[in-house]
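Data first, discussion second: the structure below is written as C-alpha cells.
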Amino acid sequence: MDFKPFDSRNYATLPPAEGYDQWSRSYDGSVLDAMDMRLLERLETVDWANARRILDLACGTGRIGSWLRRRTDAPIDGVDVSEGMLAHARKRGVYAHLTLADIRQTSLPPTQYDLCVQSLADEHLPNLAPLYQEAARLITPTGLFVLVGYHPYCLLRGHVTHFHRGDGEPVAIESHIHLLSDHHAAAMAAGWALCELHEGLIDDELLASKPKWSDRRGWPFSFACVWHKRD
C-alpha cells in the first residue's frame, strides 16, 4: 500500500541504502530496543540456544546480532544493504560473515540456516513476496523465520520511519504499508505457516524513553511473527 496518502509530515525522503548510510552515525542512540527486543523475548517457539547457524537479515549496526550472541554460541551471519550500517556491525565482533546485499536477493547459498531473524526492515520493501521467498530459499526445511516489523498502524497514522541529520533536519526513509494480512498472504505463498504472532503497544516502558508520545498510549507500535515451513 502506498504511504503517500497517509503522510502527514512530508519529510524529505531517501531510499533505504542512502538513508541508513546517513542514519548509521546516530542509529544506536535513537532506535528503541522496546520496538523489537522485548518482542523477541516473548517468543516461545524459538530455541535460540540450540540453533546451529543463524542469519540476521537487515542486520544494521548489529543490535540484533548482539542480542542473539547473548543467547547462543551458533555462528551468526549478517546481511544489510547499507555499508554504513555494516561498518558498525563489524565493530561488534559477533558475526561470522557480513554481506552487503539486498535482503530480497542475498546470493547466499541455499538451505544454510536453521534460523533467520529480520527486524525493522520490511516496511521499506514495496512488495513482501521476495523477502519471504528468499527466506524460504535460505532456511532449512525444519528451520524458522522470525520477522519483527514496525506496525502498519503507525504508518497509517502518518508516522513514518525517520531520523534527524546533524543539523536537526528530519529525513524519512522510503516506506510502504503492509498489513498483517499482507504478511500472511506473502508468507503462505512462499510455503510458510504461522507459529506465533505478537504485537507490542506503546506503554509505560516505552513512554519512559519517549514521554512526548503520551498521546499515543495504547497504539500498536511493532509486531513479531514466527514462521515455519509447511509440510
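Annotations for the structure displayed:
- 14 Å beta-carbon shell around residue 50, net charge (K/R +1, D/E -1): 0
- Dividing the helix sum by the residues of the chain, where each DSSP H run of 4 or more adds -39500 (n - 2.57), gives a mean residue ellipticity at 222 nm of -7500 deg cm²/dmol.
- Taking amide hydrogens as placed 1.01 Å from N in the peptide plane, the amide H of residue 78 sits under 5 Å from those of 56, 97, 98, 99, each at least 5 positions away in sequence or on another chain.
- Sum of side-chain charges, residue 4 neighbourhood, beta-carbon under 15 Å (Lys, Arg +1; Asp, Glu -1): -2
- Residue-by-residue Karplus 3J(HN,Hα) for the range 215-231, coefficients 6.51, -1.76, 1.60, Hz, glycine and proline x: 6, 9, 3, x, 5, x, 10, 8, 8, 9, 10, 10, 10, 10, 6, 5, 5
- A straight line joining the Cα centroids of the range 153-218 and the range 118-132 runs 13 Å.
- Charged-residue dipole, Cβ positions (Lys, Arg, Asp, Glu), the chain about Cα centre, Debye nearest 20: 320
- Whether the range 80-141 is rounded, prolate or oblate, judged on the alpha carbon gyration tensor where a/c under 1.5 counts as rounded: oblate
Throughout, read-outs are computed from the coordinates displayed, never taken from laboratory work. What you are looking at is a predicted structure, and each value in this text was computed from that prediction instead of being measured. Glycine also receives a Cβ, built like all others from the backbone with ideal geometry; neighbour counts cover every protein chain displayed.
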